[in-house]
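Each remark here refers to the structure printed beneath this line.
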Amino acid sequence: MRTPVVTFILAALIGLGLLFGAGVENGPNPFITLGVMNGFVYGLVALGLVLVYKGTRVFNFAQGEFGTLGAYFLFFFLTKGLPYWLGIVLAVAGTLVIGLGLERVVIRPLIEAPRINVLVATIAIALALIGIEILIARIEPRSLDSILPALDAAGDPAGITIFGLTIEPQRLIALGVFGGLGGLLAWFFSRTDLGLAVLATSQDSFATKVVGIGVPRMSRFIWGLSAALGAIAGILYVPLTGTLTPAVMTVNILIPAFTAAVIGGMTSLPGAFIGGTIIGVVQSVGGWAGGHFTLGEQTWNLIIPGVEQAMIFVVLLLVLLARPQGLLGKEA
Amino acid sequence: MTATDIAPPVDESTVVLPAVKEPTRWRPNTRGWAIRIAVIAALVIVLGVRLATLGGLWADHISQAVIFAIIGLSLNVILGYTGQVSLGHHAFVGLAAFVAAHHITERAGCLPEEGCQYAPMGGFAVAVGLAILSGIIASGLLGIVALRIKGLYLALITLTYGFFAVNSIFEIPSLTRGGAGMPAPRPKLLITDHRFMVFCLAALAVCLFIDWRFLASRIGRAVLAVKNSEAVAASYAVNVTAYKLMAFMLSGAFAGLAGALFAYRRQIVVSNDFRFESALLWVLMVVVGGLGKRTGVVIGSMFFALFPYLIDLVTPLSDFLANLDRDPEEFTLVIGPALALITMIISPGGIAEQIRPITNWLAGNRFTMHPDGGSHHKPSLLAKLRNRSAPAAEESS
C-alpha cells in the first residue's frame, strides 16, 4: 500500500523541517505549523471535490461556493437569534437542498454531455451563486463567530500553542471534523453497497443501468453529499478569517483545494488529506521564504508579491507535468 | 475525416443508368441576390448612420462591447476550435493592457502628471504591437503546457495561472504602479470616444477577417481535425504540435489586441479591473454565443457587455432596480450564468444556432429551418435510386 508510505515520508519531512527550523531566529516553525493547519481546511474542501470526481468524473467548480452559501445561511440564522448548533444544522440542510435542486435542474440534463460541458456548467453555477450573494448580501464584509470563542475567560487567546503558534479551538474542531468525515467517506466507498454503486456509476454508467442501479439516484446522492460537505467546510473556515464576503471560499480555498486533490490523485481520499498538507506547508513556508530568509549570519529580504498564489501555480504545474496521476491516484 | 468517408470503388458493371448530375449547391436567381444585397445594404446604412450620430457616452459603451467581442473571438479560438477551456483569459488581457500602458508612459515618456495629454502616434502603434506580442507569448506558453495537459486539468491550470498573474505579476509596482493604476493616454487622433469607437470597430473587422481566413484555410481544417482526434489527425500527417500552438497564439494575439484597447478605452489600467469573475463570464458569453461560430460569439459578447446599459434603457426595470438600491451591472453575474445554463441545456448551439436561418439566407442560401442549413441541394428520390450503386459518394458531397 502506498498510502502509509507516503504519509510516513511526508510526516518525516515535516518533522525534519521543524527540527532544523528550531534553531533559526524568526524561523519557519510557526509557518510550518500554520501550513499544516491550513492544509486541513484545504483537505476538507478537497474531500468534496474528490467525492464529485469519484462519483461523476467532473471537476466541481461550485464546491467553494457551496461553502460560502453555508456560511451565509449560518450568518442569517444566527442573526435570527437561533442557537449555534441549530444554525449549523439548518445551514447544512439549506445548502443540501440547493445542491439537490441544482443537480436536478442543471446536472441531470447534462448527464450524457461531454465532461467539459459539465465543467462549464459548474462554473456557471459558481458565478450565479456569487452573483446572488452579491445581490442579496451586498459586497460589505460581515463577521461570523467561531463555534467556541477564540479568547478564553481571562481574555487570552484560547487553544494550544505549538512551535510559537497558537492554534484556535476552531482549527482543532476543523481537524476533528476533517478526520471523522474522511474516515467515514473512506469506509463508505470501500465497505458499503451504496458506495460501490456510486463508483460503478462513474466507471460505466450503461453497465450500471444494466445491473439495475439507478444512475440519476446516484447523481442526486453525490451532489447532495458534496453540497453538505462544502457547507461544513465553509462553516468551519469562514470564522477563522473572521470576514464573510461573497465568493470568499472560491477566492481563498477552491484553488488550493483543487491543487491538493490533484496532488493526491483526484480519486484518493487519503490523497486529499496528504495533498492538502503539502499545499498548506509549501504555501506557508513559501510565504515565509519570500518575505525574508535567514541562514546563519545572512538575511535575505525578498518581497515577492503574491508568493502564495505563485507557489500553488508552480506546484500544480510540476505535479501535472511530472506525475499527472498524482501521488496516490489510480488513473490520470 | 474518418476512414468511412472515403467512397468505395464503384463497380462499373452494376451501374445501369448514367448518374444524374446533381446541382451541388443551390444559388438564388438575380432577383434573389438583389433582395439580399438590398437588405444587407439597408442594415449597413441604418447601423452606420446610427453609429455615426451616436453620443459620446454610448460610443464608449459600444467600444466596450467591441472589446468584449474581440475577447470573445479570442476565447472562441481556444474553446471552439481546439476544444480546450481557458479560465485565465483575464490574465492575458490584463498583461497586454499593462504592457500597452507601460510602454506609453514609461518608454515613450508620455506621463500625464508631467502635462502630457496626447500619446505620440508612433509610441501608440508600438504599444499596441507590444501588447499583441505579449498576448502571443503568454498564450503560446499556455499552448506548450496544453500539449501535455488537456481537458479538465488544463482548465484548472489556466485558472491557477490567472490567480497567480493577478496576485503576483499585476502587483509589480514598476509595471502596474500598484493599486493607483497605470495611465494610458490616447493619441490625439483618437481622443474623442467616438473616434476611438471607430478604431475599435476597425480592429474588430480585422480580427473577424483573420478569424475567417484562419478557419477557412488549411490551418483551420487541421486545427479542427486535431480537436476531433489527435491520433487520427497525426495519422493524416497533420502536425499536431504546430497547429495547436498556432491556435493558441492566434487566441493570444486577439487577447493582446483586446487588452491594448481595454487600456486606452479607460485611459488607465487598474489591476482590480481583471478579476477571475470576468474571465469566467467571458467563457460563458462564448458559450451563449455559440461555440465555434464567430457571428454568434460577437453578438453574445456584445450582449453581455451592453446588458447593464440596455437595462437602463427600459425605464420600469431601471426604476425597479433603483428602488431596490441595486446596480444593473450586478445583475450580469446572475443573468449571464443563467443564460449560459439555459443555452447548454436547451439549445447547445447558442445564439448562432437561433439566427442561422437568417445568416444562411443572407449568405445566399435558401431560407430554411433545416439543420443542414439548406446549403446543399436535397437529392431527389429519382437521383437517389439512380445513384444507388454509389451511396457513399452522395453523402460526402
If I stretch the segment between residue A:210 and residue A:113 completely, what's the gain in nm (0.36 nm per residue apart, minus their alpha carbon distance), one decimal? 32.9 nm
Of all lysine pairs in the protein assembly as shown that are eight or more residues apart or on different chains, those with Cα atoms under 17 Å apart total 7
On the formula 1/(1 + (r/R0)^6), with r taken between the Cβ atoms of residue B:213 and residue B:45 and R0 of 25 Å, the FRET efficiency rounded to 0.05 is 0.40
Taking the dipole about the Cα centre of the protein assembly as shown, with the C-beta of Lys and Arg at +1 and of Asp and Glu at -1, give me whichever of B:310, A:110, B:29 is farthest to the positive side. B:29
Using θ = phi - 60° and the Karplus curve 6.51 cos²θ - 1.76 cosθ + 1.60, what whole-Hz ³J(HN,Hα) does each residue of region A:105-119 get, with Gly and Pro shown as x? 7, 10, 6, 4, x, 9, 4, 9, 6, x, 4, 5, 5, 5, 4
In whole Å, what is the distance between the alpha-carbon centres of region B:77-110 and region B:158-224? 5 Å
Any idea what angle helix B:151-167 forms with the longest principal axis of chain B, computed on alpha-carbon atoms, 0 to 90 degrees, nearest 10? 20 degrees
Comparing each residue of region B:305-341 in the complete protein assembly with the chain by itself (heavy atoms, probe 1.4 Å, ligands and nucleic acids ignored), those losing at least 50 Å² of accessible area are B:326, B:330, B:333, B:334, B:341
Inside 10 Å of the C-beta atoms of B:146-159, what's the mean count of C-beta atoms belonging to other chains? 5
What is the set of long-range amide H partners of residue B:119 at a cut-off below 5 Å, with H atoms built 1.01 Å from backbone N? B:186, B:188
A correct Karplus calculation of ³J(HN,Hα) over region A:217-229, with 6.51 cos²θ - 1.76 cosθ + 1.60, θ = phi - 60°, whole Hz and x for Gly and Pro, returns 4, 5, 4, 4, 4, 4, 6, x, 4, 5, 5, 5, 4
Buried accessible area for the B:A pair, summed, 1.4 Å probe, in Å² rounded to 100? 3800 Å²
If R0 = 30 Å, then residue B:33 and residue B:125, at their Cβ-Cβ distance, give a FRET efficiency to the nearest 0.05 of 0.15
Any idea how far apart residue B:133 and residue A:93 come out in nm if each label point goes 7 Å out from Cα toward Cβ? 6.4 nm
Take every residue in peptide A:245-251, count the Cβ atoms of other chains within 10 Å of its Cβ, and give the average of those counts. 2
Per-residue [θ]222 nm for chain B (sum of -39500 (n - 2.57) over DSSP H runs n ≥ 4, rounded to 500): -21500 deg cm²/dmol
Out of every Cα pair in the protein assembly as shown, what percent are spaced more than 44 Å from each other? 31 percent
So which cysteines of chain B have no other cysteine's Cβ under 4.7 Å from theirs? B:200, B:207
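Rounded to the nearest 20 Debye, what is the dipole magnitude of the protein assembly as shown about its Cα centre when Lys and Arg each give +1 and Asp and Glu each give -1 at the C-beta?
Value, rounded to 20: 2480 debye.
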Could you order the peptides A:311-319, A:63-71, B:243-251 from most to least packed, using the average number of other C-beta atoms within 10 Å per residue? A:63-71, B:243-251, A:311-319
Estimated FRET transfer efficiency when R0 is 41 angstrom, pair residue B:313-residue A:105 (beta carbons, to 0.05): 0.85
Beta carbons within 10 angstrom, averaged per residue: use that to sort the peptides A:234-241, B:334-341, A:114-121, highest first. A:234-241, B:334-341, A:114-121
Among B:272, B:135, B:241, pick out the residue whose Cα is farthest towards the positive end of the charge dipole of region B:54-274, where Lys and Arg carry +1 and Asp and Glu carry -1 on C-beta, about the Cα centre. B:241
With chain B reduced to its Cα atoms and the Debye formula applied, log10 I(q)/I(0) at q = 0.07, 0.08 1/Å amounts to -0.40, -0.51
Between region A:89-150 and region A:195-263, how many Å separate their Cα centres? 11 Å
Given the candidates A:260, A:29, A:229, the one whose Cα lies deepest towards the positive end of the charge dipole of chain A, counting +1 at each Lys or Arg C-beta and -1 at each Asp or Glu C-beta, is A:229
Carbon/sulfur accessible area of the protein assembly as shown, % of total, 1.4 Å probe, equals 67 percent
Relative contact order for chain B: what is it in percent, counting Cα pairs under 8 Å that are at least 6 residues apart? 30 percent
Over the heavy atoms of residue B:325, what accessible area does a 1.4 Å probe trace out, to the nearest 10 Å²? 110 Å²
Using Cα atoms only, what is the angle between the long axis of helix A:307-322 and the major principal axis of chain A, expressed in degrees (0 to 90) to the nearest 10? 60 degrees
What percent do you get for the relative contact order of region A:2-322 when only Cα pairs under 8 Å and 6+ apart count? 34 percent
Starting from the amide H of residue A:244, placed 1.01 Å from N in the peptide plane, find each other amide H under 5 Å away whose residue is 5 or more places distant or on another chain. A:142, A:143, A:144
Taking beta carbons within 10 Å but only from partner chains, what does the mean come to for residues B:202-208? 0
Counting sequence-distant residues (5 or more places) and residues on other chains, those with an amide H built under 5 Å from that of residue B:268 are B:184
Find how much the distance from residue A:322 to residue A:192 grows on full extension, using 0.36 nm per residue of separation minus their present alpha carbon separation; answer in nm with one decimal. 43.4 nm
Write down the accessible area per residue of the protein assembly as shown in Å², having rolled a 1.4 Å probe over the full set of protein chains. 45 Å²
Considering every Cα-Cα pair within region A:2-322, what fraction, in whole percent, is farther apart than 30 Å? 36 percent
With springs connecting C-alpha atoms under 10 Å apart, model chain A as a Gaussian network and identify which of A:252, A:29, A:38 has the largest mean-square fluctuation. A:252
Under the Karplus relation with 6.51, -1.76 and 1.60 and θ = phi - 60°, whole-Hz ³J(HN,Hα) for region B:44-52, x at Gly and Pro, equal 4, 5, 4, 4, x, 5, 4, 5, 5
Assign unit charges at the C-beta atoms only (+1 for Lys and Arg, -1 for Asp and Glu), then state the dipole size of chain B relative to its Cα centre in Debye, rounded to the nearest 20. 1340 debye
Helix A:2-21 versus the longest principal axis of chain A: what angle, 0 to 90°, nearest 10, using Cα atoms? 20 degrees
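The values are calculated or read from the model by the stated rules, or taken from the named source; none is laboratory data. Everything numeric here is computed off the predicted structure, so don't read it as measured data. Virtual Cβ from ideal backbone geometry, glycine too; neighbours counted across all protein chains shown. In case anyone asks, the SASA skips ligands and DNA or RNA and just uses the protein heavy atoms, side chains included. Shrake-Rupley method; radii C 1.70, N 1.55, O 1.52, S 1.80 Å.
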